[in-house]
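Report on the structure given below.
The values are calculated or read from the model by the stated rules, or taken from the named source; none is laboratory data. Quick caveat, the model's predicted, so the values are computed rather than measured. Heads up, the Cβs are rebuilt from the backbone with ideal geometry, glycines too, and the neighbour counts pull from every protein chain shown.
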C-alpha cells in the first residue's frame with residue numbers, strides 16, 4: 001500500500017508516467033509513477049494494490065466463475081442494449097447528479113447543513129463516476145478517463161476532510177462520555193440523604209487491604225473523570241483546528257481553476273460519454289458482465305487473505321496489536337467492496353446484493369474506528385500533558401481499537417453468511 005493512502009491502482013500493461021499536475025498520475029511522493037486515483041472518499045481511503053485487473057481476454061470473454069448475485073438477473077435487461085448505451089446512460093445520470101449537487105452547494109450560501117448535504121451528494125456522484133471509469137476502463141477513452149478519474153479523486157478527498165473531522169470529533173466525544181459514565185450516572189443525593197445513610201460497620205483488621213482499595217476507588221474515578229475532561233478539551237481543539245483548515249481548503253478548491261476544469265469535464269460527460277468505439281459494437285451482456293465479474297473476483301481474493309477465522313472469535317484482541325498496518329488489508333477490501341457495488345449498479349441497478357451493502361457499512365465503521373484510535377494516539381503524544389490526560393487518551397485509544405475488532409467480527413458474519421439465492425463461490 002502506498003504511503004498516504006491515496007486510492008490508486010496501476011494496470012499491468014500500462015506504461016508508467018503521466019501528465020504532471022494530476023493527483024494519482026505523473027511522479028509524486030508516496031505514489032508509484034503513473035498510478036491513478038479511484039473512488040477516493042477521504043484522505044485515508046486505501047487503494048487496490050494489485051494489478052489493475054486479472055487475466056482479461058477482451059470484451060465478451062466468459063467469466064472464470066459464476067457471476068455474483070444480481071449479475072444473473074442483468075441478462076434480460078441487457079440483452080437488447082449495447083455496452084455504450086448502458087455505460088453512457090449510467091454516466092449521464094451520475095454526472096447530472098454531480099452538477100445538481102454542485103448547484104445546490106453554491107445556492108446554500110450560509111446554510112452549513114445544506115452545504116454539507118450538497119457536498120455529500122457531490123462526493124456520492126463523484127465516487128460512482130470514478131468507480132465506473134475504473135472498472136470499465138477498457139471500454140472508455142483511457143487517457144481522458146484516467147485524467148478525470150484522478151481529478152475526481154482529488155476533489156472528493158478534499159471535500160471529505162471537513163466532514164471526516166467533524167464525524168471523528170463527535171465519535172470521540174461520545175466515547176469519552178460513555179467511558180467515564182457521565183451520561184449514565186445518577187444524580188448525587190442531597191446532603192440530608194447522605195447523612196441518613198446507615199453507618200458502615202467497623203472494618204475487620206483482616207480485610208484492611210481490601211478496604212483501602214475500596215476507599216481509593218472514588219479517587220480513581222475522579223482522576224479518570226478529570227483526565228477525560230482534559231482529553232476531551234485537547235481533542236476538541238485539535239479536531240476543530242483540523243476541521244477549520246479542511247473547510248478553508250475545500251473553499252479554496254471549489255474556487256480554483258482546477259475545480260472548474262473538473263466541473264467542465266463532468267458537464268461534457270453529462271451530454272456525451274467518451275467511450276471506446278468497440279463499446280458501440282458489443283452487446284452489453286458480453287462486454288460489461290466479465291468486467292464487473294472481475295471486480296467481484298478481486299474482492300473475493302482480497303477477502304480470502306483476511307484473517308476472518310480469527311476475527312470471527314469475539315474478544316480475540318487481534319485489533320489491539322501495536323502495529324496498525326494490519327488495518328491496511330481491511331481498508332483495501334472496503335475499497336474493493338465499493339468497486340463491486342458500483343459495478344453491480346451499472347449492470348443490475350434493481351438487483352442489489354444486500355450482503356455487499358452490509359459489508360460496506362461494517363467496513364465504514366472499521367475505518368472510522370481505526371482513524372479515531374489514531375487520533376487519540378496522536379493526541380496522547382502531545383508534549384507536556386498531564387498523566388491523567390494521557391491515561392484517559394490511552395483508555396480511549398483501546399476502546400476504539402475494540403470497536404475495530406467489533407467491526408471485523410461484524411464483517412466476517414456478513415461475508416460468510418449464505419442465502420438460497422446467493423452463490424457460494426467466490427467468498428473464500
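Across segment 106-123, the number of residues qualifying as crowded, with 17+ Cβ neighbours inside 10 Å and under 14 Å from residue 259 (Cα atoms) comes to 3.
Residues checked against (1) part of a helix (DSSP H, G or I); (2) closer than 18 Å to residue 359 by Cα:
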residue: 237; (1), (2): yes, no
residue: 244; (1), (2): yes, no
residue: 269; (1), (2): yes, no
residue: 310; (1), (2): yes, yes
residue: 313; (1), (2): no, yes
residue: 327; (1), (2): yes, yes
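Test of understanding: among 292, 246, 229, which residue is buried (at least 20 other Cβ atoms within 10 Å of the Cβ), under 30 Å from residue 176 (Cα atoms) and modelled with pLDDT of 85 or more? It would help to see each step written out before you state the result.
Working: 292 fails: under 30 Å from residue 176 (Cα atoms); 229 fails: buried (at least 20 other Cβ atoms within 10 Å of the Cβ).
It is 246.
Kindly establish whether residue 298 is modelled with pLDDT of 95 or more and under 21 Å from residue 142 (Cβ atoms). It is true that residue 298 is modelled with pLDDT of 95 or more and under 21 Å from residue 142 (Cβ atoms).
Pairs meeting the criteria (first residue in segment 260-288 and farther than 13 Å from residue 78 by Cα, second residue modelled with pLDDT under 85 and buried (at least 18 other Cβ atoms within 10 Å of the Cβ), beta carbons under 7 Å, at least 6 apart or on different chains) are 278/59. Residue 382 meets each of the listed conditions (1) under 29 Å from residue 180 (Cα atoms); (2) part of a helix (DSSP H, G or I); (3) touching a residue at least 12 places away in the same chain (Cβ under 8 Å) apart from (2).
As a summary of the residue check, residue 126 satisfies the conditions (1) touching a residue at least 60 places away in the same chain (Cβ under 8 Å); (2) buried (at least 23 other Cβ atoms within 10 Å of the Cβ); (3) within 17 Å of residue 250 (Cβ to Cβ) except for the one numbered (1).
Within segment 103-123, the residues that satisfy the criterion of being touching a residue at least 60 places away in the same chain (Cβ under 8 Å) and under 22 Å from the mean Cα position of the chain (by Cα) are 119, 123. Screening residue 349 against (1) exposed (fewer than 15 other Cβ atoms within 10 Å of the Cβ); (2) part of a helix (DSSP H, G or I) leaves a single unmet condition, (2). When restricted to residues that are touching a strand residue (DSSP E or B) at 6+ places or on another chain (Cβ under 7 Å) and not in a helix (DSSP H, G or I), segment 123-140 contains 1.
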